Amino acid sequence: MTTRRPVPAGEDSPAVRLCDITKTYDAFRANDHVTLDVARGTIHGLLGENGAGKSTLMNILNGSVRPDGGRIEVDGRPVRLRTTSDARAAGIGMVHQHFSLIDRLTVVENLALVARPSSWPRRCVMPVDLVGIEERARLLADRLRFAVDPRARCGSLGVGARQRVEIMKALWHHAQVVIMDEPTASLSPVEAQELLSTLLTLREQGATVILISHKMPEILAVCDEVTVLRDGRVSRRLSIGADDRDPGPRRDRLEADLVQAMIGRPRPDPPARAAAPGSPRLVLHGVGDGARVGPVDLSVHAGEIVAVAGVEGNGQAELIELIVGVRRLRTGRVLLGSRDVSSDGPRTRLACGLGHIAEDRHAAAIATRMSVTANAAFGFVGARMGRRWWLPARTMRAHAGSIVDRMSVRLPGLGANIEGLSGGNQQKLVVGRELARDPSVLIAGQPTRGLDIGAAGDVHRELAALRDGGAGVLLVSMDLTEVLAVADRIVVMRSGRIVGDVPAADADVDTLGGWMTGAQPSEQKGVQPSEQKLVGA
Amino acid sequence: MIRLPAIKIQQGLSSRPFLSAGSFLGTLALALAAAVPLIYLAGTDPVTAYGALLRGSVGDQYALSETVVQATPLLVGGLAVALAFHAGLFNIGVEGQLVVGGLAAAAVGVNLDLPAAVHLPVAVLTGAAAGAAWAAIPAVLKAWRGVHEVVTTIMFNYLAFGLSRHLVAPGGGLASATQPSASDPVADGARLPALTETTRIHSGVLLAVAAVIAVGWFLYRTPAGFKLRMVGANPTTASFHGVGVRRVQIGALMGSGALAGLAGASEILGLYGRYLDSFSPGYGFQAIAIALMGMLTPLGVLAAAAFFGMLAAGSVGLQSVGISRELINVVSGLVVGFVAAQPALIGAYLRRRRKRQASGQGEDASAAPADVDARSAHV
Amino acid sequence: MTYPIRRRYRRRTAILLFSLFTLSACGGGESGNGTAGNGGSTAGGPHLWSLVTDANGLGDQGFNDLGKQGVEESAESLGGKASVIQSGSQSQFVPNLQQAVASGSTTVTAVGFALADAVTQVAKAHPNSRFILVDAVAVDAAGKSLPNVAGIRFREHEAAFLAGIIAGKTTKTNKLGFVGGVELPSVVRFLTGFQAGVKQANPSASVRTAYLGNFNDSAKGKGLATAHFDAGADIVFEVAGGGGLGVYDAAKTRGPGVWVVGTDTCKQRLAPDNYLTAATKDVPGAVLRQNQAAADGKFTGGEISLGLAEKAVGVCEETFAGLPAEVKDLVEKAKEAVGSGKITVPSTPDELSRFTPTAP
């Protein structure tokens, strides 16, 4: 149970005031005299493109980055935030996009890590009061209406549950201000909805929330005020009233206004739908890995974007691995065009016209520690580029340069380590590389994850252009808005199998959501949930 | 001892030549400076000590030649470690592979009777092949069973030491009748010829230089080297892009072993002319420090090996001014320590510089109110 | 245009200076010897007595420390300076020897067979310098020993013979143990001499043998010695270098009643209550003897064999006085007999099998 800090001074002073904040990295000005007021007891949306300076600003507020200049006030009192513990002491907590839980420890033990005494002599000698922590964890979970088992190992929890633990960590030291950095990015629609109601609960209980997001619907659904950052400056600031939230022209205008402020131009239109699909480009016959996936029957035709929707962890990642050829195929066959590539490795499949935008960029698409040029050449070197004993440095640079131009990747230089690029720019490079393969089949795993609205629109257009050029695209995404906007056909995956298949024009969120969660009986004939279990086991 | 994450940062540096050269020299300077109090404790002053060190290592032609001789095995061993590191593998087994390479080269040199034109290449290649073979089992275990190469290569070191001791012990297959713990001299045709009359420089030095060029070429100029670095940087990404990760790992560790075997063969065939049980005073272990200090680039390894060669050659000079040779070990230990601390030092430097640039750009930053602590970050 | 020439000129000068320096260093040593030889003994003369250790370095309580004692005693009694260059590894033998030569040493002493190759190489390159090689002989490709290297070989078996007599007379159980390092010829000489001594003094006693396989594993040394004691032996002879320290440990653990026979020097303080005697080699004396010869201008190369006749080997003096008179008497007689050639102590297992004890 959190005991509230007494509210000091004037009730009218904002919960957080960032005043004239400036932060420069090398030549790049991440924050340029940013001033931000966050009123107490509100949900404040912070919008902006990749690299607009949102994360820098929030890291400054969280004490993990030091500004070059500016002032910070909390509850009307100036504070110095040199470390995250300073921020914690000032009542500020942050939930990062990437979780920092230790999988092998239980929820209570993870909480104990933040609950430890702050002075080091005590930290070394004081016993850890796990019972007390568990007690408090239960109370906190009740207050937030969380269903989290404090004794569960964090590794066994789903994404949503882990995020709830992160929120509990952030609130542990009685934070009055909670910063949420793109909290719904990796959540399923249902989990995202639950998160938003958690934010409302927090507000109800008097906390102040700063919500960083790219997603317009959720911003409009919960925020009381919105600040838009663009190129390190505040470009727009407005309040959202109750009538702004209902669908209608008023809401559309507001949304268009915000998008304009974010990207400096109107929202890109979703690409047009496809004409009639052509011959099959990718055919899966009873594909399975003998464990988590299968059997899956699916075909992607020329001139068609097929989206695989589903809650994360239902076999989409494994299905992609089976198609790319890095996971052992136990059953079934994979055909690229008319060629059976079931027994071939990724090398041959890439040569047969497969392209793949990996879902987890850091794990499978790029190699940090190598240059932009090198990263742009993955899958080209040794196949299409260079002879056996000669690495064509010039060709590689030209290749990288053309990708960078095409995707307007912002970067310090081609020779720079790819770590020097922001996440969004890395993603653009990856997308550009896979498009440069000129694939006849493109597997796109969450291709717009981490991209802002403008860049995401560009990627969608590129996918559509590829489709219109006669390629087949398999889009794997958790984001139903994206799926509905881009795909020509939608299949839903649950427990390693396809449980629904519908043309995008006939699809609606409720049916898809039902398939995803299992609330709706599966649409494919002959597939019963009980049967699935048997096959899966 | 040496933590792997440190290497990440250093690899990133290789794209910044001035910074990396600066940090190399800075590391040396710090290590030499840190040894100064110890030199006073040892009863002399740093000018005398470092003067003697320099005289003994680069003071005249003979000293220089000794530096080259001492640096040769370190250079090739350092390349071996670096090659494996580039593939993301930590080959601690260089010492054992070097020993086995020396044994194999000596076995061919002593026991085979071949024409000179064939004998030497066969002996050298057998040494390299033996090193590769010694690395093969750890490599296969790593690639196919996921057994950590650090564990297996350390184990194989002990196997190699035992094998060496056994073969030159009385009754062992290579033991000499006249010289204990050594083999008979290798045939003259299998000797790496000396390059000069008066110094100990032998043609193994040429092999080492060739190895620098070959490794550099391979890593940065061939598709295979590109794939190897890709596997080292991110094996999952590599496998998704058609690189046979297992093959690359096996190849890299065996290539590393081959270089180590070459280092051993060159010592035996070039310097000693017979196998000696304790011919390596831990070249394979020093090679790890050398590879890291050289930031895993062939030229960096060359520079680091030259420095360690200077220390080894200069230790003789140090003793002549009355300092124990242990001080040399202290200095090289300090170098290793500073190499390990390098990422932190460079990080602090970069932050300071960034800060300075930032405050130079924005005059408003310096005029910022004192509420925000705008000092450079703590380490 | 002039600058490169000057640079090249400078480099040539450097090379020239370097060669002059080395030449003068060698020549200096030579002329120093010459005058020393001619003038008999010029006390406090410009002598430099150098020692190059093997890879174990100083502090080994064995060869290297004894060698150091040898050069220091030489400096004391012959004048001049003693200098020790330690080797960290095999790769430093040659440069260290070069350094010793270059600094103008009167003689360069190298201890241990490990240095044989290096001494041969350097001695060939510097025929005017003098080398003393302990425990090995330097030979050229044709197998002829080099004239500027005095290769000192001790007849260890003669010392061990005396130790064997003491042990044979002391044992109560008639069982003796032997812990060797590696089965090298020098170690075997110790063993056979010891066995012959035991046979001479106590024909009914037997010797159990065991080898460590190296010279540094003292834990294994302790294990082997304990096994000997467990099998009923009450005296163990160790010829195992650093590994032998474990033997003293084992004896100390047993307490009084068991004995250790040591090697090379008296190491009584390692196990004062259990120290019987040692088969000693007078390395300092041998070094001093060769240095004396060098100072007198009578240095000769080749193999030099030293034994009881030369009083270069023997048994531990410090414990000798405490032995029973009967044993002391026996040892003195044996010493004489060996010294005069009446008894030839066997140095190989073959010779041992043909050895029959004779009353001295």
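The values are calculated or read from the model by the stated rules, or taken from the named source; none is laboratory data. None of these values were measured; they are calculated from a predicted model. Every residue, glycine among them, receives a Cβ derived from its backbone with ideal geometry; neighbour counts consider all protein chains shown.
Matching residues to (1) closer than 22 Å to A:GLU182 by Cβ; (2) within 14 Å of chain B (Cβ to nearest Cβ):
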position	(1), (2)
A:ARG40	no, no
A:ASN50	yes, no
A:THR56	yes, yes
A:ASP75	no, no
A:ILE92	yes, no
Here the residues within the range B:176-200 that are within 10 Å of another protein chain (Cβ to nearest Cβ) and surrounded by 18 or more Cβ atoms within 10 Å (Cβ to Cβ) are B:GLN179, B:PRO180, B:SER181, B:ALA182, B:PRO185, B:ARG200
Does the range C:290-306 contain any residue that is among the charged types (D, E, K, R), without any contact (Cβ under 8 Å) to a residue 40 or more places away in the chain and outside the structural domain of C:GLY221 (by TED's automatic domain parsing)? no
Within the range B:244-271, residues more than 17 Å from B:ALA128 (Cα to Cα), within 14 Å of another protein chain (Cβ to nearest Cβ) and surrounded by 24 or more Cβ atoms within 10 Å (Cβ to Cβ) come out as B:VAL248
*Any chance the range B:214-221 includes a residue that's of a type in the set (Val, Ile, Thr), out of contact with any Gly (no Cβ under 6 Å at 6 or more places or on another chain) and buried (at least 22 other Cβ atoms within 10 Å of the Cβ)?*
yes
Output for Cβ contacts, cut-off 8 Å, separation at least six or different chains, first residue without any contact (Cβ under 8 Å) to a residue 24 or more places away in the chain in the range C:96-108, second outside any loop (DSSP other than H, G, I, E, B), reads C:GLN99/B:GLY56; C:GLN99/B:VAL316; C:GLN99/B:GLY317; C:GLN99/B:GLN319; C:GLN99/B:SER320; C:GLN99/C:ILE85
Filtering helices (runs of 4 or more DSSP H) wholly in the range C:181-268 for at least 1 residues that are in contact (Cβ under 8 Å) with a residue 12 or more places away in the chain, within 14 Å of chain B (Cβ to nearest Cβ) and charged (D, E, K, R) gives C:185-201, C:218-230
Filtering the range B:278-332 for residues that are crowded, with 21+ Cβ neighbours inside 10 Å, under 18 Å from the mean Cα position of the chain (by Cα) and not in a helix (DSSP H, G or I) leaves a count of 6
Of those in the range C:102-136 that are away from chain B (no Cβ under 11 Å) and β-branched (Val, Ile, Thr), the residue nearest to B:ALA71 (Cα to Cα) is C:VAL119
Within the range A:457-486, the residues that are of a type in the set (A, V, I, L, M, F, W, C) and over 17 Å from the mean Cα position of the chain (by Cα) are A:LEU463, A:ALA464, A:ALA465, A:LEU466, A:ALA471, A:VAL473, A:LEU474, A:LEU484, A:ALA485, A:VAL486
With criteria (1) out of contact with any helix residue (DSSP H, G or I) (no Cβ under 7 Å at 6 or more places or on another chain); (2) closer than 27 Å to C:ILE343 by Cβ; (3) outside any helix (DSSP H, G or I), C:LYS298 comes up short on (2)
Of (1) part of a strand (DSSP E or B); (2) farther than 19 Å from C:GLY180 by Cβ, C:ALA279 fails just (2)
Of A:ALA400, A:ALA393, the only residue that is among the hydrophobic types (A, V, I, L, M, F, W, C), within 13 Å of another protein chain (Cβ to nearest Cβ) and within 22 Å of B:LEU228 (Cα to Cα) is A:ALA393
Of the residues in the range C:105-151, those that are surrounded by fewer than 24 Cβ atoms within 10 Å (Cβ to Cβ) and polar (S, T, N, Q) number 5
Note on the range A:279-294: residues at pLDDT 90 or above and either closer than 22 Å to A:LEU512 by Cβ or among the aliphatic types (A, V, I, L, M) (or both) are A:LEU282, A:VAL283, A:LEU284, A:VAL287
The condition of being within 10 Å of chain B (Cβ to nearest Cβ) and basic (Lys, Arg) holds, among A:ARG333, A:ARG369, A:ARG328, A:ARG384, only for A:ARG369
The condition from (1) buried (at least 20 other Cβ atoms within 10 Å of the Cβ); (2) facing another protein chain (nearest Cβ under 8 Å); (3) of a type in the set (A, V, I, L, M) that A:VAL341 misses is numbered (2)
A careful count of residues in the range A:60-75 that are of a type in the set (Asp, Glu), farther than 12 Å from A:ASN31 by Cβ and surrounded by 20 or more Cβ atoms within 10 Å (Cβ to Cβ) gives 1
With the first residue restricted to the range A:414-439 and required to be under 14 Å from A:VAL404 (Cβ atoms), and the second required to be among the acidic types (Asp, Glu), Cβ contacts under 7 Å at 6 or more apart or on different chains are A:GLY424/A:ASP452; A:VAL431/A:GLU462; A:LEU435/A:GLU462
| request: Can you confirm whether the range A:380-393 contains a residue that is among the small types (Gly, Ala, Ser) and within 22 Å of A:ASP458 (Cα to Cα)? | output: no
- Item | Residue within the range C:266-285 that is among the acidic types (Asp, Glu), surrounded by fewer than 24 Cβ atoms within 10 Å (Cβ to Cβ) and within 22 Å of C:ASN64 (Cβ to Cβ) present | yes
Residues in the range C:122-166 that are part of a strand (DSSP E or B) and in contact with a Ser or Thr (Cβ under 9 Å, 6 or more places away or on another chain) total 12
Residue set A:VAL148, A:VAL165, A:VAL65, A:VAL95; condition within 22 Å of A:SER188 (Cβ to Cβ) and touching a strand residue (DSSP E or B) at 6+ places or on another chain (Cβ under 7 Å); output residue A:VAL95
Over the range A:201-229, the set of residues at pLDDT 90 or above, under 19 Å from A:ALA170 (Cβ atoms), outside any helix (DSSP H, G or I) and hydroxyl-bearing (Ser, Thr, Tyr) is A:THR208
Picking from C:GLN86, C:GLN99, the residue that is over 19 Å from the mean Cα position of the chain (by Cα), at pLDDT 85 or above and within 14 Å of chain B (Cβ to nearest Cβ) would be C:GLN99
C:SER340 passes all but one of the listed conditions (1) loosely packed, with under 15 Cβ neighbours inside 10 Å; (2) closer than 23 Å to C:GLY62 by Cβ; the exception is number (2)
Flagged pairs (Cβ under 7 angstrom, 6 or more apart or on separate chains; first in the range A:120-135, closer than 17 Å to A:ASN110 by Cα and among the β-branched types (Val, Ile, Thr); second exposed (fewer than 12 other Cβ atoms within 10 Å of the Cβ) and modelled with pLDDT of 70 or more) are none
